[in-house]
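This report refers to the structure that appears directly beneath it.
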Amino acid sequence: MEDLKIVNADNLLYTSLDETEFIIEDILPIGLHIFCGAPKVGKSWLMLDICIKVSKGEEIWNLKTNKCDVLYLALEDTYQRLQKRLFKLTNEIDSNFHISIESNKIANGLTSQLEQTLKKYPDIKLIVIDTLQKVRKQNNDINYSNDYTDISLLKQFADKNKIAVILVHHLRKQDDRNNGK
C-alpha cells in the first residue's frame, strides 16, 4: 500500500503558493462548481448572462470578471431559443463566447471532447455544462457513487486545465408524503 502524502503544517504555513485565480471576483474560482435549483427557476438564464458578462469582461453584481473565452454547453436548448435569449440579454457579443447544444456523455468521451476544444480555443477559462443530467449515462441507477464518479472526472479535468467548470443540475421534485412511514 502506498503511504499517505503528508505535508507538515508549519512548512505549509510558510510555503509560497500561487494565488487562487477567479473568473468572477471572490465567488467563482478555478475548479468545478455545481449550481443547483428547482426546474424552471432561471438557472439557464443566469448561466447565459454570466457567460456573456465573463466573455465581455463586464462586472456581475458589482464584482469584477476575468475576461476570457467561454464555452456554454446548452444541452437542453436549440440555437433558435438561445438566439432569442441572447437578444433579450445583450445587443452585442464578443467572438470569444462559444456555444454548443450537443456533446458526448461523460462515460463516452466528454472530457476528451473538451480537451480537443481547449486545444482549438486555448483561452477558454470558463465552461458551463447545462445540465449535468444531459452528460450522464442514461439509466435508472442514479446514486451517490455514480454521481461521485461522474463529478470526479469533471473536477480532474477542471483542475488539470486550470479552468472553471459550472455544472447546472436540477433538484429532484420528491413527494414528502411517504417520508418516515
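Bear in mind these aren't lab numbers, they're just calculated from the coordinates by the rules spelled out. Values in this document were obtained by computation on a predicted structure and should not be read as measured data. Note that each Cβ is placed from the backbone with ideal geometry, even for glycine, and that neighbours are counted across all protein chains shown.
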Order by neighbour count: 6, 129, fewest other Cβ atoms within 10 Å first, most last. 6, 129
Helix-only [θ] at 222 nm, the chain, -39500 (n - 2.57) per DSSP H run of 4+, per residue, nearest 500, equals -10500 deg cm²/dmol
Dimensions (Å) - the chain, Cα atoms, principal axes, largest first: 54, 51, 33
Only counting other Cβ atoms within 10 Å, I'd like 51, 68 sorted with the fewest neighbours first. 68, 51
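What is the calculated FRET efficiency for residue 121 to residue 36, with r their C-beta to C-beta distance and R₀ = 25 Å, to the nearest 0.05?
It comes to 0.35.
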How would you rank 88, 5, 119, 134, going from fewest to most other Cβ atoms within 10 Å of each one's own Cβ? 5, 119, 88, 134
